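Heads up, the thing below is written out as structure tokens.
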Amino acid sequence: QVQLVESGGGLVQPGGSLRLSCAASGKIGSINPMGWYRQAPGKQRELVADITSGGSTNYADSVKGRFTISRDNAQKTVNLQMSSLKPEDTAVYYCHAKVLVLGPFSWSDYWGQGTQVTVSS
């Protein structure tokens with residue numbers, strides 16, 4: 001019913017930048033919030049940042065001042081601009097959306113397939 005497609009991961013040197021993008025499609029009435037989680041090997045999945053339809057943002061302390069989240073409500077996309085990347089940012093990054101699904105008109109959580117971000121020299 002709803003698909004999330006991510007792009008933009010890859011390998012970058014410490015101090016570098018990457019931009020992740022995620023596009024939602026399907027029977028979508030509303031998305032609130034939309035954001036990014038990450039999971040490093042041997043660790044639990046954690047929230048990186050999310051953003052409401054009204055533009056309110058929430059960041060993990062570890063990325064504040066380095067990452068910026070933005071969204072386009074009309075296009076149903078969310079972006080994560082990552083700067084000053086550190087080796088500890090290495091993880092699989094997952095797009096997440098809490099979606100009001102048309103038809104059943106109920107809220108459900110959806111996840112992208114994940115995109116690898118590796119920060120290494």
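Here the chain is treated with +1 on each Lys and Arg Cβ and -1 on each Asp and Glu Cβ, and its dipole about the Cα centre works out to around 60 debye. Among SER30, SER108, SER70, the largest mean-square fluctuation in a Gaussian network model of the chain (Cα springs under 10 Å) belongs to SER108.
Lysine pair count for the stretch 1-120 (Cα-Cα distance under 24 Å; residues 8 or more apart in sequence or on different chains): 9. Heavy atoms of the protein chains alone define the surface here; on that basis the stretch 49-121 has 50 Å² accessible area per residue at 1.4 Å probe size. Sorting the segments 35-44, 55-64 by their residues' average number of neighbouring beta-carbon atoms within 10 angstrom, most packed first, yields 35-44, 55-64. Residues of the stretch 1-23 with an amide N closer than 13 Å to a point placed 7 Å from the Cα of ARG45 along the Cα-to-Cβ direction: 4.
Per the 1.4 Å probe, what fraction of the accessible area of the chain, in percent, lies on carbon and sulfur atoms? Mind showing how you got there, number by number?
On the way: 2930 of 6150 Å².
Carbon plus sulfur share of accessible area: 48 percent.
When each of the peptides 82-94, 4-16 is scored by the mean number of other C-beta atoms lying within 10 Å of its residues, the order from highest to lowest reads 82-94, 4-16. The modelled label-to-label distance for the pair SER17/SER30, using points 7 Å beyond Cα in the direction of Cβ, is 3.4 nm. Averaging the Cα positions of each part gives two centres, and for the stretch 42-121 and the stretch 3-33 these lie 7 Å apart.
The values are calculated or read from the model by the stated rules, or taken from the named source; none is laboratory data. Since the model is a prediction, treat every value here as computed from it, not as a measurement. Every residue, glycine as well, gets a Cβ built from its backbone with ideal geometry; the counts of neighbours run over all protein chains shown. Side chains included, ligands, DNA and RNA excluded: accessible areas come from the protein's heavy atoms. Shrake-Rupley method; radii C 1.70, N 1.55, O 1.52, S 1.80 Å.
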